[in-house]
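A quick write-up on the structure given underneath.
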Amino acid sequence: MARAPLLQLSDISLTFGGDPVFDHLDLVVQPGDRVALVGRNGSGKSTLMKVMAGLVEADQGTRVVPPGISVGYMEQHPDLSSFQTLGDFAVSGLDPSEAYKVEMVAEGLKFDPATSVKAASGGERRRAALAKLIAEEPQLMLLDEPTNHLDIEAIAWLETHLRETRNAFVLISHDRAFLRALTRATLWIDRGQVRRQEKGFEAFEEWRDKTWEEEDIARHKLDRKIKSEARWAVEGISARRKRNQGRVRALQGLRAERASQIKRQGAASMALEAGPKSGKRVIEAKDISKAYGEKVIFKPFDLRVLRGDRVAFVGPNGVGKTTLLKVLTGKVEPDTGTVELGTNLLMAVFDQNRAQLDPDMTLWESLTGDPEMRVSGRADQVMVRGNPKHVVGYLKEFLFDERQARAPVRSLSGGEKARLLLAKIMARESNLLVLDEPTNDLDVETLDLLQEILGDYDGTVLLVSHDRDFLDRVATTTIAMEGDGKATTYAGGWSDYQDQREEIAAPVEKKKAVKAEPAKEKPASKPVEGLTYTEKHRLEKLPAIIERLEAEIAKLEEFLSDPELFSKEPVKFQKASEGLVERQTKLAEAEEEWLMLEDKAG
């Protein structure tokens, strides 16, 4: 027997400021649904979620939640003004006998319920709102960017919790790895239309690209038909005026149809331009350490950063990643050791707290008031990588419209603030880019573009992020800080770091297990058969590594197949060629290792 839906929206229409957000929308959420809600920044994802939660009333249509069904919504900016502590807020919807649930969730999300609301940061308030929702256990959870302000450990805890829950949820997130791991269906908001596919986020981008390709083909056919009919109208209408008024009206209908089609939002026109080349050695840190009182941030360690490196810093919130960045870039003195910065460095910094943005300034003032962007004698222009541009034209490159130019920065969403800060950074030349949590609030398409830009950037990148997919795409080196004062260097991105850490830990765990066993008489010496624990683990991992390398090689070969690439983009051609050779070598080594281990396993 089919179960009743948890939530049903029928014929929903909603308009803000004359522009329709949704028009005649129908939507059903069933028990057990695990849905990704995706779309560009500003497409209406949060608004739709508030309609689902009953917090925003539609202009027309109905919202139906069956009796006895509870729907919980995680707010991005919860109002805690009537509570003393974060814990008071988190338990406010629970029976006193269930208050322990908040303590359990707070441990996983890593915040202190006793923290005063007045002293709490925005991130702590959001974690309290998430803890409140999880502890209340509604049958349908509506989660709007739940991973923002969570470190990787807390994200992993939340991922495990949601994977194990039996309750349904709808999830907005920019974290690809999180969405891929959890979702089984996808709702896609695109220009006021909501489409649904019964596949998780893993299949979204292929679905989106196919939909847009079909749309482009249909639009092209419509344009050709309009052109043909318009030619007929000009050339033959006078002789056949009475007989063909219907055809003229049809042409008018075709033009109206074409005019009503809403243009897709393009990608931001972001670009980075490296200034003069820095020296080959960008940072040389020797025996550096830092502590504040008894809290050791990092014990003595060495690090060399060379031109072109992409170095990621990972670890729990509060472990000292930003402090280490400041020490490495000369902003903070180490307690011991030395930091030598290379020659000719031009540094640009993306601050996770958006401190470079004054909330009371307009977007126009934020750009024209920047001394490094000011054009002498021109209040309407900004200097962008050495060339003057009209301020509105430059804002449009980052997907802001003309009306927003005079709006205050405080009115922007999180994603819009991130884009504005990127606009300020990318206006200047640089050869050392310091990005502290740049991925928060950016949509998937903008993240793709940022990753591509960083791949083509000739300078050096220092990056802090909790986005595992982004780290895998960008980082060539990972510095892991795990709260014990030890900073360890690993080759590659997040997945590579995890693999290497497991390989290092495996022999240690095996040794501990052996020590724990009671002493036994040693058997007679004989040849070792089969695989060791580490070799077995490696054999299990190799097929995925081989598959990934083959996919990367295919993409590079396709990229290099352009006969004009060498003449038009020699730098890209050289980097792609080197990358292809490197991956082909790694693939051959991985295949040889797999054959050897398979043979040994018997």
- request: Tell me which residues, restricted to segment 566-577, are closer than 17 Å to TYR457 by Cα and either surrounded by 11 or more Cβ atoms within 10 Å (Cβ to Cβ) or polar (S, T, N, Q) (or both).
  value: GLU569, LYS572, PHE573, GLN574, LYS575, ALA576, SER577
- request: Specify which of the listed residues (LYS331, LYS280) is over 19 Å from ARG428 (Cβ atoms) and surrounded by fewer than 17 Cβ atoms within 10 Å (Cβ to Cβ).
  value: LYS280
- request: Could you tell me which of the residues VAL64, VAL56 is out of contact with any Pro (no Cβ under 6 Å at 6 or more places or on another chain), closer than 20 Å to LEU171 by Cβ and touching a residue at least 12 places away in the same chain (Cβ under 8 Å)?
  value: VAL56
query: If ASP562 satisfies every condition in (1) part of a helix (DSSP H, G or I); (2) surrounded by 11 or more Cβ atoms within 10 Å (Cβ to Cβ); (3) under 31 Å from the mean Cα position of the chain (by Cα) but one, which is the exception?
result: (1)
- prompt: Is there a residue being touching a Pro at 6+ places or on another chain (Cβ under 8 Å), surrounded by fewer than 21 Cβ atoms within 10 Å (Cβ to Cβ) and of a type outside the set (Gly, Ala, Ser) anywhere in segment 390-408?
  reply: yes
- request: Determine if segment 490-499 includes at least one residue that is at pLDDT below 80, within 20 Å of ASN317 (Cα to Cα) and part of a loop (DSSP other than H, G, I, E, B).
  value: no
message: Give all pairs with beta carbons closer than 8 Å in which a residue from segment 541-560 that is within 11 Å of SER577 (Cα to Cα) meets a residue that is among the hydroxyl-bearing types (Ser, Thr, Tyr) and surrounded by fewer than 16 Cβ atoms within 10 Å (Cβ to Cβ); count only pairs at least 6 apart in sequence or on separate chains.
response: LEU560/SER577
- prompt: Given the conditions (1) of a type outside the set (S, T, N, Q); (2) more than 21 Å from GLU137 (Cβ to Cβ); (3) outside any helix (DSSP H, G or I), which single one is not true for LEU48?
  reply: (3)
task: Identify all residues within segment 11-45 that are surrounded by 15 or more Cβ atoms within 10 Å (Cβ to Cβ) and at positive phi; write none if there are none.
output: GLY39, GLY42, GLY44
query: For segment 139-174, which residues satisfy the criterion of being buried (at least 21 other Cβ atoms within 10 Å of the Cβ), at negative phi and either in a loop (DSSP other than H, G, I, E, B) or in contact with a Cys (Cβ under 7 Å, 6 or more places away or on another chain) (or both)?
result: PRO146, THR147, ASN148, LEU150, SER173, HIS174
Every pair of residues 6+ apart whose Cβ atoms lie under 9 Å, when the first sits in segment 81-104 and is at negative phi and surrounded by fewer than 19 Cβ atoms within 10 Å (Cβ to Cβ) while the second is assigned to a loop (DSSP other than H, G, I, E, B) and among the aromatic types (Phe, Trp, Tyr): SER92/PHE83
- request: Determine whether segment 472-485 contains at least one residue that is among the aliphatic types (A, V, I, L, M) and under 30 Å from ILE189 (Cβ atoms).
  value: yes
task: Answer yes or no: is there a residue in segment 318-327 that is modelled with pLDDT of 90 or more, in a loop (DSSP other than H, G, I, E, B) and closer than 23 Å to ALA427 by Cα.
output: no
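The values are calculated or read from the model by the stated rules, or taken from the named source; none is laboratory data. Predicted model only: the values in this text are computed from it and were never measured. Cβ coordinates were reconstructed from backbone atoms using ideal geometry, including for glycine residues, and neighbour counts include every protein chain displayed.
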